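Written below as C-alpha cells is the structure these notes are about.
Laboratory data are not the source of any read-out in this text; all were calculated from the coordinates shown. Since the structure is predicted, the reported quantities are computational estimates derived from the model, not experimental observations. Backbone-built Cβ (ideal geometry, glycine too); neighbour counts: all protein chains shown.
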Amino acid sequence: MTQKVCIERVEVRGSAPYLGMCVDADGNEVPVWSDDPRVVLDWLCDAWRCRYNQLRSRRMKWNRDRSELIPLGSVVDSRTDRQVREQCSWLASVPAMILQSPNRIENTDWWSANKRRRTLKKQHRYPGSMPRFKTCKTDPMFVCWYNKGANAVFHKLNRHHGMVVISGQNSKEHSLPGRGCRFEIRIRVRLSQEIRPYTSIGVHPKSGYLVFVNDPLPIPRKRTGLETGIDRGCVHSLALSDGSFIDLPKNRLEKIDREIRRRQKAQARRVRQSGFDTREYVRDGHQSNRYKEEQKRIGRLYRQAHRIIDDFQQQVSHRLVSEYDLIVLEDLNLQGMSRKAKPVPDPLHPGRFLSNGQAAKRGLNHALRSASMGGIRQKLEYKTQRAYASSILLVNPAYTSQQCSRCGHTCKENRESQAVFHCTRCGLKLNADHNAAINILQRGHETFISGMDEAGRGNTASDIQGKNLAKDAAVRKRKPTASH
C-alpha cells in the first residue's frame with residue numbers, strides 16, 4: 001500500500017553533489033558538480049536505473065532450444081556497491097540508502113514476475129515476455145530507504161504541506177573547496193492526509209509525484225448482514241442485485257477520449273505528410289518537435305482518464321466493503337473476452353480472408369478496456385482482506401445473463417436486447433444486468449453452502465466456528481498506527 005503526494009518544488013542545500021566525470025570540448029575529463037534541482041534528480045534517477053540494470057544482468061534465462069541457461073545480458077556485472085562507487089564516477093556520491101534499494105527491489109520484481117508467468121501458464125494463458133532491463137524510455141524514478149530515520153525523513157510543515165529531506169555527502173576528493181561535503185535534497189510536497197509510518201519513498205520527478213510505501217490501514221466496519229451480487233458490464237459499470245446501478249463518469253471520460261482521438265488523427269496526418277512509415281518516423285528520429293509535444297499531451301490525457309477511473313473505483317470499492325458482509329463477483333476471463341477474432345480464410349481465393357466481425361469486436365474491446373473491469377475486482381479483493389467480517393466470492397459466469405432468476409429457465413431467447421431480459425417460460429421481465437446480478441448472488445450462496453459442506457466433512461462445527469472466531473480476532477487486532 002502507498003500514499004501518493006504531489007511534488008511542489010525541489011531545493012538543493014549545502015554542497016553541490018558530485019555528478020561524475022565528463023569530457024569537455026578538448027577531450028579532457030573534468031569533474032562535474034551541480035546544485036540545479038532538475039539536474040540532481042535526473043542524476044539520481046539515472047544512477048538508480050544503472051545500478052538496477054547491473055543487478056539484473058546477473059539473472060539467467062533459457063536459450064531458444066531450452067538446452068542451457070544463459071545470462072540475461074551480454075555482460076554479467078557482479079560488482080558490489082563499494083566497487084561500483086570506486087569504478088563508476090557517477091555513482092560515487094549517490095546516497096547509500098538510494099544505492100542499496102535496487103538490491104531488494106530487483107529481486108522482488110524478478111521473482112514476482114516469474115511466479116506470475118508460471119501462474120498464467122497453468123491457466124493456459126499467454127505468460128508475457130521475460131523480465132527485462134529498465135530503459136531510459138520508462139518513467140524515470142528512484143527509491144530511497146527510510147531505514148528508521150537514516151534518510152528520506154519527512155517533516156510536516158503545516159496542514160497541507162510537508163517536506164522530505166534526502167541527505168548525502170561527497171567524498172573528500174570530490175568535494176568543492178569552501179562548500180563542505182554534505183548536501184541535502186529537500187522535496188516539498190502537498191498533503192491531502194496524514195502520512196503514516198513508511199519504509200521507503202519512491203520519487204518520480206517527470207510525473208511530479210512522490211510515493212510513501214507503508215502498510216494499509218484496516219477498514220473499520222461492523223457486521224451488517226447484507227449481501228450483494230455484482231454484474232460488471234460496459235453500459236453499467238456495476239449492477240447490484242438490489243436493483244441499483246453504479247456507473248463511471250462517462251461524460252468526462254468520453255470528452256477525454258474524443259480529445260485523444262482528435263490528436264491521434266492529427267499525429268497520423270503528420271506521419272503521412274512526412275513520407276515515412278510510422279515505425280521509421282518514430283524509430284529513426286524523424287519526429288518534429290510538434291509531434292513530440294503532441295505525444296506528451298496525449299500521454300497526459302491518458303493519465304488523466306486513468307486517474308478518474310482509479311478514483312471512482314477506490315471510492316466505490318470502499319463503500320461496497322463497508323456496507324456488505326459478502327460480495328459475489330463473476331470470475332471473468334477478461335483477456336479471453338478482449339481477444340482478437342480468429343481470421344477466416346476464403347476457400348475460393350487462397351491468400352484472402354472472409355469477414356470475421358473484427359470491426360465490431362474492436363469496438364467491444366475498446367469498451368471493455370474503458371470499463372476497467374479488472375481494477376474493481378483487484379481493489380475489492382485487497383480491501384476485503386483488510387476489513388473485519390467482509391469477504392469476496394468468485395463464481396462461474398456461464399449463462400448468468402440468459403438464466404431466469406425466478407424459475408431458472410436458461411435460453412438465449414430470454415435476452416431480448418442488451419438492456420431487457422424477458423423469460424419465455426414464467427414471463428419475468430427485468431433489466432438484464434439486474435437479473436444477472438441476482439443470479440450471481442444465488443450462485444454465491446450455492447458455492448458457499450457447498451464449501452461449508454466440504455469443510456464439515458473433515459472438521460466439526462465447533463472447529464469451523466473456532467477458526468472463524470480466530471480470524472475475526474486477528475482482523476480486530478489490526479489497529480491504525482500512529483501518524484509519523
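Condition check: buried (at least 17 other Cβ atoms within 10 Å of the Cβ) and over 31 Å from the mean Cα position of the chain (by Cα). Does ASP35 satisfy that?
Working: buried (at least 17 other Cβ atoms within 10 Å of the Cβ): yes; over 31 Å from the mean Cα position of the chain (by Cα): yes.
Against the criterion (buried (at least 17 other Cβ atoms within 10 Å of the Cβ) and over 31 Å from the mean Cα position of the chain (by Cα)), ASP35 qualifies.
Within the range 382-397, which residues are touching a helix residue (DSSP H, G or I) at 6+ places or on another chain (Cβ under 6 Å) and aliphatic (A, V, I, L, M)?
Selection gives ALA387, ILE392, LEU393, VAL395.
Is one or more of the residues making up the range 358-370 farther than 30 Å from GLU254 by Cα and basic (Lys, Arg)? Step through it out loud before you land on a result.
Narrowing the range 358-370 to residues farther than 30 Å from GLU254 by Cα: none.
Within the range 358-370, none of the residues are farther than 30 Å from GLU254 by Cα and basic (Lys, Arg).
Given the residues ARG362, ARG415, ARG425, which is the only one that is within 30 Å of the chain's Cα centre (by Cα), free of Cβ contacts under 8 Å to residues at least 24 places away in the same chain and farther than 28 Å from GLU323 by Cα?
Exactly one residue qualifies, and that residue is ARG362.
How about the range 331-450: which helices (runs of 4 or more DSSP H) wholly inside it have at least 3 residues that are in contact with a strand residue (DSSP E or B) (Cβ under 6 Å, 6 or more places away or on another chain) and not aromatic (Phe, Trp, Tyr)? It would help to see each step written out before you state the result.
Values: elements: 334-337, 358-371, 373-385.
Qualifying helices (runs of 4 or more DSSP H): 373-385.
Working carefully through the options LEU334, LEU329, LEU301, find the one that is closer than 18 Å to ASP257 by Cα and in contact (Cβ under 8 Å) with a residue 40 or more places away in the chain.
Values: LEU334 fails: closer than 18 Å to ASP257 by Cα; LEU329 fails: closer than 18 Å to ASP257 by Cα.
Matching residue, one of LEU334, LEU329, LEU301: LEU301.
Out of curiosity, is TYR198 among the aromatic types (Phe, Trp, Tyr) and touching a Lys or Arg at 6+ places or on another chain (Cβ under 7 Å)? Give the derivation first.
Values: among the aromatic types (Phe, Trp, Tyr): yes; touching a Lys or Arg at 6+ places or on another chain (Cβ under 7 Å): no.
Answer is no for this residue.
Just to check your reading of the model, which residue among LEU326, LEU430, LEU394 is surrounded by 18 or more Cβ atoms within 10 Å (Cβ to Cβ) and within 23 Å of ILE449 (Cβ to Cβ)?
Numbers: LEU430 fails: within 23 Å of ILE449 (Cβ to Cβ); LEU394 fails: surrounded by 18 or more Cβ atoms within 10 Å (Cβ to Cβ).
Testing whether each residue is surrounded by 18 or more Cβ atoms within 10 Å (Cβ to Cβ) and within 23 Å of ILE449 (Cβ to Cβ) leaves just LEU326.
Could you check the range 214-233 and list, in sequence order, the residues that are in a loop (DSSP other than H, G, I, E, B) and of a type outside the set (Lys, Arg)?
If we filter the range 214-233 for residues that are in a loop (DSSP other than H, G, I, E, B), which is where we start, we get 214-218, 220-226, 233.
Residues satisfying the conditions are ASN214, ASP215, PRO216, LEU217, PRO218, PRO220, THR224, GLY225, LEU226, GLY233.
A quick yes/no check of all residues on (1) basic (Lys, Arg); (2) on the phi > 0 side of the Ramachandran plot; (3) surrounded by 13 or more Cβ atoms within 10 Å (Cβ to Cβ); (4) touching a strand residue (DSSP E or B) at 6+ places or on another chain (Cβ under 6 Å):
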position: LYS222; (1), (2), (3), (4): yes, no, no, no
position: LEU226; (1), (2), (3), (4): no, no, no, no
position: CYS234; (1), (2), (3), (4): no, no, yes, no
position: SER244; (1), (2), (3), (4): no, no, no, no
position: ARG261; (1), (2), (3), (4): yes, no, no, no
position: PHE276; (1), (2), (3), (4): no, no, yes, no
position: GLN295; (1), (2), (3), (4): no, no, yes, no
position: GLY299; (1), (2), (3), (4): no, no, no, no
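Only one residue in VAL271, VAL211 is among the β-branched types (Val, Ile, Thr), out of contact with any Cys (no Cβ under 7 Å at 6 or more places or on another chain), crowded, with 17+ Cβ neighbours inside 10 Å and in a helix (DSSP H, G or I), so which one is that?
Working: VAL211 fails: in a helix (DSSP H, G or I).
Step by step, each of VAL271, VAL211 is checked, and only VAL271 is among the β-branched types (Val, Ile, Thr), out of contact with any Cys (no Cβ under 7 Å at 6 or more places or on another chain), crowded, with 17+ Cβ neighbours inside 10 Å and in a helix (DSSP H, G or I).
Within the range 224-249, track down each residue that is without any contact (Cβ under 8 Å) to a residue 60 or more places away in the chain and of a type in the set (S, T, N, Q). Give the derivation first.
Pass one, the range 224-249, residues without any contact (Cβ under 8 Å) to a residue 60 or more places away in the chain: 242, 244, 247.
Within the range 224-249, SER244 is the sole residue that qualifies.
In the range 246-259, what residues are in a helix (DSSP H, G or I) and either of a type in the set (A, V, I, L, M) or surrounded by fewer than 16 Cβ atoms within 10 Å (Cβ to Cβ) (or both)? Reasoning before the result, please.
Going through the range 246-259, the residues in a helix (DSSP H, G or I) turn out to be 250-259.
Across the range 246-259, the qualifying residues are LYS250, ASN251, ARG252, LEU253, GLU254, LYS255, ILE256, ARG258, GLU259.
Among all residue pairs at least 6 apart or on different chains, which show Cβ distances below 9 Å where the first residue, located in the range 108-125, is touching a residue at least 12 places away in the same chain (Cβ under 8 Å) and the second is part of a helix (DSSP H, G or I)?
Close Cβ pairs (under 9 Å, with a partner that is part of a helix (DSSP H, G or I)) amount to ASP109/TYR52; ASP109/ARG56; TRP110/ARG56; ARG125/THR119; ARG125/GLN335; ARG125/GLY336.
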